[in-house]
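The structure appears below as structure tokens.
The values are calculated or read from the model by the stated rules, or taken from the named source; none is laboratory data. Everything numeric in this text was worked out from a predicted model, so none of it was measured. So basically every Cβ, Gly included, is an ideal-geometry build from the backbone, and we count neighbours across all protein chains shown. For the accessible areas, the whole protein counts, side chains as well, though only heavy atoms, and no ligand, DNA or RNA atoms are used. Shrake-Rupley method; radii C 1.70, N 1.55, O 1.52, S 1.80 Å.
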2 protein chains.
Amino acid sequence: MFTGLSAFPLTPLHDDHLDEPAFVRIIERLASAGVDSIGTLGSTGSYAYLDRTERARTVTLAVQHAAGVPVIAGIGALRQAHVLRYADDAQQAGASGLLLAPVSYQPLHPDEVYHLFEQVTARIAVPLVVYDNPRTTGFTFTDDLYAAVAKLPHVTSIKVPPLPVTAPIARDRVTAIRALLPAHVGIGVSGDPVAAVALHAGCDAWYSVIGGTLPTAALAITRAPDPAAAKAASDRLRPLWELFAAHGSLRVVAAIAEHLTLTGPDSLPRPIRGLDTTARRAVIHALTEAGLDH
Amino acid sequence: MFTGLSAFPLTPLHDDHLDEPAFVRIIERLASAGVDSIGTLGSTGSYAYLDRTERARTVTLAVQHAAGVPVIAGIGALRQAHVLRYADDAQQAGASGLLLAPVSYQPLHPDEVYHLFEQVTARIAVPLVVYDNPRTTGFTFTDDLYAAVAKLPHVTSIKVPPLPVTAPIARDRVTAIRALLPAHVGIGVSGDPVAAVALHAGCDAWYSVIGGTLPTAALAITRAPDPAAAKAASDRLRPLWELFAAHGSLRVVAAIAEHLTLTGPDSLPRPIRGLDTTARRAVIHALTEAGLDH
């Protein structure tokens, strides 16, 4: 479950409510593409914006329609009591694994984050991915904290921020992180543009934004036999990576999902808005050029 | 309501539930000290961590026990639909004003924040404070955005981040902000250590952390007749400002409130933890030296 391509689907809304048919379409698309796991309620799945009922329903639908592909569920929240509740709900809904980022409003200290993971891992029965995403959470893990949380029960993978794009430097960083972790804890990379490099630099998994909407293109990168083939498969998507950098990956994949009629328009949780017409045209152009506009 | 000392109380928890008697004690303390307004559910009031029921109850209790002092209520949330709901609830509970920060998980664009304020101000019936707190929200207002939101109906005050500590530079910045705003929109400062300077640099209000727990000491700064007297009143609290910088103001005022037996121990929402023994001793020492340990 924590190797290969973990595809992170959108959680589309319609008129500020969960768009269940659209979500089911996306999950079925991932299952039939043969991704290695489905990461529901990740950042791409807008977990931070959803309430308890919406989160539980999302995980239930994902498990029902994943055709046996393991479902990982994000459980992050500002308040520890809510995190524990979401952990219970997600397991109840059939999640095979959980994903936890230390979301902050007041800046958190490393020991507060450690205690959060300690409390959560004392309570759960399934594997946990430790999710380090400084850009959204406002919290940056130290290497010492990686080492400490990786020793907690149920911790099975660390989802690390984008690695350096230069292969030898990426490899050095993966080696350094691996030296901090028990042997059974893997490393997964975020940051789609560096996935091709990261997977060949020793990462076990790719926690993928684009894989949640364009699973076949992401599998081509993940299962490429060598670094050159992975790079070629990734370079095909370079115009999308550039749009990710300009507009945020979430807004771009929402535009892709809409163009592919997987979702309706305006599927993101307000105040987040979709792309403007110019950016949307650039997304469609990039898709067409890559032969992915269907 | 948006001039002078706006005191921001803690929202203390006990065993992860709202500690109503402690909250009422704090509100009554502020009312009897004669603060100009009470800013419930600010960052110091942990709004971001509280659910809908807790928020509504907090505002209701504040209004009931404020003895006529106007109550401002924070309504921030990641999702616009939740913000609108909290705005309704707070007005229903009797809030005289609202306070809105554009909280983010996915980084927001200025136009998304503008639209959020547009939606909210189209719906409310009471004055609104625009709350700019980049450190907690992850969003930084541009001057253009200040100018744009200040034109929206109901906007009455901008709560700006800490100003420069050097008086002439602070004055230049206040003058520059004021030039962006319609005449009826005031400027309030955050950042307790610079309040003495900021009030004499032309700010209309001080949105004060320390004022929520030590209102008399904050009033001494606010109502000082001249800059030198304000500075002297502020310098008396310098050891507290240093502790704010080291540990975050929230953890420090929670320790003060506990020491003054306004709250019990462990009153902050986990994963946030109280100060350790050493830091707590330093807080008590600073209080004692300033004659504020009662």
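Miscellaneous remarks
- 1 or more residues in contact (Cβ under 8 Å) with a residue 60 or more places away in the chain and within 14 Å of chain A (Cβ to nearest Cβ): qualifying helices (runs of 4 or more DSSP H) within the range B:214-293: B:249-259
- Restricting the range A:96-115 to residues that are among the small types (Gly, Ala, Ser) and in contact with a Leu (Cβ under 9 Å, 6 or more places away or on another chain) leaves a set whose member that is surrounded by the fewest Cβ atoms within 10 Å (Cβ to Cβ) is A:SER104.
- Check on A:VAL130, under 23 Å from A:LEU50 (Cα atoms), part of a loop (DSSP other than H, G, I, E, B), in contact with a strand residue (DSSP E or B) (Cβ under 7 Å, 6 or more places away or on another chain) and more than 13 Å from chain B (Cβ to nearest Cβ): no
- Selection of the range B:182-207 for residues being part of a loop (DSSP other than H, G, I, E, B) and either touching a Phe, Trp or Tyr at 6+ places or on another chain (Cβ under 7 Å) or buried (at least 19 other Cβ atoms within 10 Å of the Cβ) (or both) yields B:VAL185, B:SER190, B:GLY191, B:ALA201, B:CYS203, B:ASP204.
- Hits in the range A:63-94 - residues which are farther than 26 Å from B:GLY45 by Cα, of a type outside the set (Asp, Glu) and open to solvent by 10 Å² or more (accessible area, probe 1.4 Å): A:VAL63, A:GLN64, A:HIS65, A:ALA67, A:GLY68, A:VAL69, A:PRO70, A:GLN91, A:GLN92, A:ALA93, A:GLY94
A quick yes/no check of all residues on (1) within 28 Å of A:ALA198 (Cβ to Cβ); (2) polar (S, T, N, Q); (3) under 15 Å from the mean Cα position of the chain (by Cα); (4) away from every other protein chain (no Cβ under 14 Å):
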| site | (1), (2), (3), (4) |
| --- | --- |
| A:MET1 | yes, no, yes, yes |
| A:THR11 | yes, yes, yes, no |
| A:ASP15 | no, no, no, no |
| A:TYR47 | yes, no, yes, no |
| A:ALA67 | yes, no, no, yes |
| A:LEU78 | no, no, no, no |
| A:LEU84 | no, no, no, no |
| A:ALA90 | yes, no, no, yes |
| A:TYR105 | no, no, no, no |
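- Inspection of the range B:231-243 finds no residue satisfying the criterion of being in contact with a Lys or Arg (Cβ under 6 Å, 6 or more places away or on another chain) and open to solvent by less than 10 Å² (accessible area, probe 1.4 Å).
- With respect to (1) within 14 Å of chain B (Cβ to nearest Cβ); (2) under 28 Å from B:LEU108 (Cβ atoms), the lone exception for A:ALA122 is condition (2).
- Enumeration of residues in the range A:125-155 that are under 23 Å from A:ASP88 (Cβ atoms), open to solvent by less than 10 Å² (accessible area, probe 1.4 Å) and of a type in the set (A, V, I, L, M): A:LEU128, A:VAL129, A:VAL130, A:VAL149, A:VAL155
- Within this structure, A:ILE210 fails the test of being out of contact with any strand residue (DSSP E or B) (no Cβ under 8 Å at 6 or more places or on another chain) and either surrounded by fewer than 17 Cβ atoms within 10 Å (Cβ to Cβ) or at positive phi (or both).
- Candidate set: the range B:1-54, residues that are touching a Phe, Trp or Tyr at 6+ places or on another chain (Cβ under 6 Å) and outside any loop (DSSP other than H, G, I, E, B); chosen: the one most open to solvent (accessible area, probe 1.4 Å): B:ALA48
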